[in-house]
Amino acid sequence: MLETCYFCRGTVEQRNVDVDFRWGKKLKVMRGVPAGVCRQCGERYFEAGVYKAMEKLAVSRRKPATRLAVDVLEFRAVVGQR
């Protein structure tokens with residue numbers, strides 16, 4: 001895994017993070033995913049095997065641990081109100 005961030009040259013440390021993962025029109029939230037995270041800018045880096053596992057989990061029919069309600073807002077509506 002990287003030790004230095006590609007973008008800002010900050011230090012990358014290993015953490016478990018929550019990931020908002022989109023697969024087609026579906027949004028899945030995955031908790032506790034191992035990642036390298038830049039301490040300076042927050043950029044995340046995933047090993048190839050971890051990313052493949054997230055893809056596999058996203059398309060699986062595995063029962064979710066919990067469900068969330070998510071608000072969806074149209075940005076255009078805000079821009080047009082100026």
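The values are calculated or read from the model by the stated rules, or taken from the named source; none is laboratory data. Given the structure is predicted, the values throughout are model-derived calculations rather than measurements. Please note: Cβ atoms are built from the backbone with ideal geometry, for glycine as well, and neighbour counts cover all protein chains shown. Surface accessibility is based on the protein's heavy atoms, side chains included, excluding ligands, DNA and RNA. Shrake-Rupley method; radii C 1.70, N 1.55, O 1.52, S 1.80 Å.
Data table
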{"quantity": "Positive-end residue, the chain charge dipole about Cα centroid, Cβ charges, pick of 48, 64, 4", "calculated": "64"}
{"quantity": "Cut-off of 10 Å, at most 13 other beta carbons, DSSP loop: longest stretch of the chain lacking such GluC sites (Glu not before Pro)", "calculated": "4-46"}
{"quantity": "Inter-probe distance in nm under a simple model that places probes 7 Å from Cα toward Cβ, at residue 57 and residue 71", "calculated": "2.7"}
{"quantity": "Accessible area expressed per residue, the chain, with surrounding protein chains retained (probe 1.4 Å, Å²)", "calculated": "89"}
{"quantity": "Estimated dipole of the range 4-54 in Debye, rounded to 20 [Cβ of Lys and Arg +1, of Asp and Glu -1, Cα centre]", "calculated": "240"}
{"quantity": "Rounded percent of accessible protein surface that carbon and sulfur make up, the chain, 1.4 Å probe", "calculated": "50"}
{"quantity": "Selected from 44, 15, 67 as most flexible by GNM, with the chain as the system and alpha-carbon contacts under 10 Å", "calculated": "67"}
{"quantity": "Identified option (computed Cα extents along the principal axes in Å; candidates (i) 38, 25, 17; (ii) 43, 41, 20; (iii) 36, 29, 23)", "calculated": "(ii)"}
